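So the structure is just underneath, and the comments pick up after that.
The values are calculated or read from the model by the stated rules, or taken from the named source; none is laboratory data. Just so it is clear, the model here is predicted, and its values are computed rather than measured. No Cβ is skipped: glycine too gets one built from the backbone with ideal geometry, and neighbour counts run over all protein chains shown. Quick note on the areas: whole protein, heavy atoms, side chains included, nothing else; ligands and nucleic acids left out. Shrake-Rupley method; radii C 1.70, N 1.55, O 1.52, S 1.80 Å.
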Amino acid sequence: MHSRNRIALFVFLLIAVVILFVVDVAIGSVYIPFLQIIKSIFSNGESAMDIIVLQSRLPRVITAILVGMSLPVAGLLMQTYFKNPIAGPDILGITSGASLAVAIFTMGAGISVAGILPIGGSVGMIISGIVGSMIVLFIMLAVSKKISDSVTLLVFGIMLGMAISAFVGLLQYFSEKEALKIFVLWSFGSLSGVTWSQLYLLAPIVIISVALAFSTAKKLNMLLPGETYAKSLGLNTGRIRILLIGITGLLTGAVTAFCGPIAFIGIAIPHVARMLFKTTNHFILMPACVLCGIISMLLCDMISQTPGYNLVLPINTVTALLGAPFVIFILMQNNKFQRYF
């Protein structure tokens with residue numbers, strides 16, 4: 001693709017992000033005119049509409065943006081490192097690892113989540129999610145040294161995720177009724193339960209981690225032909241491996257801790273970016289994943305709000321319904337997508 005066409009495509013995606021941001025804030029059970037939304041954003045939150053916009057819709061939409069930035073970038077890092085087109089946080093069991101750690105923290109410690117969670121609990125949930133996802137990543141990396149076949153590695157990741165889900169099921173079986181109810185609601189995935197105080201923790205982690213991921217673009221390009229080639233160019237593959245684990249663990253763990261497990265965004269969006277920009281260059285794929293991820297999450301959030309109905313669908317259900325057919329398409333076109341690795 002010509003560079004001018006890529007610039008035009010980036011501009012189009014940026015405009016789409018701005019439009020969808022405004023539309024998503026406007027969508028909800030209460031109709032709020034566009035001009036009122038703008039006034040409410042810059043108000044002190046005195047009227048009922050101001051409170052709805054500032055305390056409910058704006059945190060939800062900002063959370064959607066942060067999720068849209070983080071999971072696709074984590075998926076891109078994993079797909080490049082494992083050289084596998086269907087590698088992603090949820091398929092490789094990374095999200096399950098974060099879920100288990102959060103389950104132990106919430107049900108084991110009996111700490112409440114969502115809107116009633118104190119800051120200390122928020123920090124604990126983030127740390128739990130990050131540690132859980134990084135432990136699974138280390139396991140997958142160790143296994144990848146023994147298993148070179150990508151399909152076998154993928155099956156191992158799915159089995160690992162199922163085993164972790166079994167432990168979560170045991171925790172649910174023996175947990176208290178109230179803690180179980182909160183955890184089950186969390187497991188559906190939600191952007192609405194994230195408060196401003198939690199966003200102040202989540203946003204810096206996501207922004208710094210995505211910035212770190214951007215800084216690895218040149219190294220990821222060097223890894224594409226293989227680790228041996230990268231070493232011949234002077235790349236310290238051990239150091240980049242640790243860095244990729246750290247970034248993926250931070251992005252997946254932090255998002256899963258607050259929003260619940262969100263499926264398929266991490267796998268599907270990097271392929272959407274590759275198909276749109278027709279490149280394997282990570283200097284282009286990184287920002288493309290961020291923009292496509294934000295657009296996807298804003299669209300999923302709008303669908304989950306079911307405009308015209310006083311009903312909110314779990315965000316994980318919406319992303320699964322939209323993402324699963326695309327991942328099946330990738331599996332059926334595996335040879336075509338392998339040319340990017």
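Looking only at residues that are among the polar types (S, T, N, Q) and closer than 21 Å to SER133 by Cα in segment 203-236, which one is surrounded by the fewest Cβ atoms within 10 Å (Cβ to Cβ)? Residue satisfying both the conditions and the ranking: THR216. Only one of the numbered conditions (1) open to solvent by 10 Å² or more (accessible area, probe 1.4 Å); (2) farther than 30 Å from ILE139 by Cβ; (3) among the acidic types (Asp, Glu) is not met by ASP301, and that is (1). Only one of the numbered conditions (1) out of contact with any Gly (no Cβ under 8 Å at 6 or more places or on another chain); (2) among the small types (Gly, Ala, Ser); (3) surrounded by 13 or more Cβ atoms within 10 Å (Cβ to Cβ); (4) in a helix (DSSP H, G or I) is not met by ALA8, and that is (3). When restricted to residues that are over 13 Å from SER70 (Cα atoms) and in contact with a helix residue (DSSP H, G or I) (Cβ under 6 Å, 6 or more places away or on another chain), segment 272-286 contains 7. Residue pairs whose Cβ atoms lie under 9 Å apart, sitting 6 or more positions apart in sequence or on different chains, and linking a residue in segment 166-183 that is free of Cβ contacts under 8 Å to residues at least 12 places away in the same chain to a partner that is open to solvent by less than 40 Å² (accessible area, probe 1.4 Å) and assigned to a helix (DSSP H, G or I), are PHE174/MET107.
Taking segment 67-90 only, how many residues are under 19 Å from LEU191 (Cβ atoms) and either of a type in the set (Ser, Thr, Tyr) or open to solvent by 10 Å² or more (accessible area, probe 1.4 Å) (or both)?
Selection size over segment 67-90: 3.
Just to be sure, is SER192 farther than 26 Å from THR237 by Cβ, at pLDDT 80 or above and surrounded by 12 or more Cβ atoms within 10 Å (Cβ to Cβ)? Answer is yes for this residue.
Scanning segment 46-66 for residues that are touching a residue at least 40 places away in the same chain (Cβ under 8 Å) and open to solvent by less than 30 Å² (accessible area, probe 1.4 Å) yields PRO59, ARG60, VAL61, THR63, ALA64, LEU66.
Restricting attention to segment 273-291, the residues that are open to solvent by 10 Å² or more (accessible area, probe 1.4 Å), more than 17 Å from VAL23 (Cβ to Cβ) and touching a residue at least 40 places away in the same chain (Cβ under 8 Å) add up to 9.
The set of residues in segment 15-37 being exposed (fewer than 13 other Cβ atoms within 10 Å of the Cβ) and under 21 Å from the mean Cα position of the chain (by Cα) consists of VAL18 alone. For segment 306-333, a residue qualifies if it is open to solvent by less than 70 Å² (accessible area, probe 1.4 Å) and part of a helix (DSSP H, G or I), and the qualifying residues are ILE315, ASN316, THR317, VAL318, THR319, ALA320, GLY323, ALA324, PHE326, VAL327, ILE330. Checked across segment 268-280, the condition of being within 21 Å of PHE188 (Cβ to Cβ) and aromatic (Phe, Trp, Tyr) holds for no residue.
When we screen ILE303, ILE262 for residues that are β-branched (Val, Ile, Thr), within 18 Å of the chain's Cα centre (by Cα) and not in a helix (DSSP H, G or I), the only hit is ILE262. Scanning segment 97-128 for residues that are closer than 10 Å to GLY253 by Cα, surrounded by 24 or more Cβ atoms within 10 Å (Cβ to Cβ) and at pLDDT 80 or above yields GLY97, ALA98, SER99, ALA101, VAL102, SER128.
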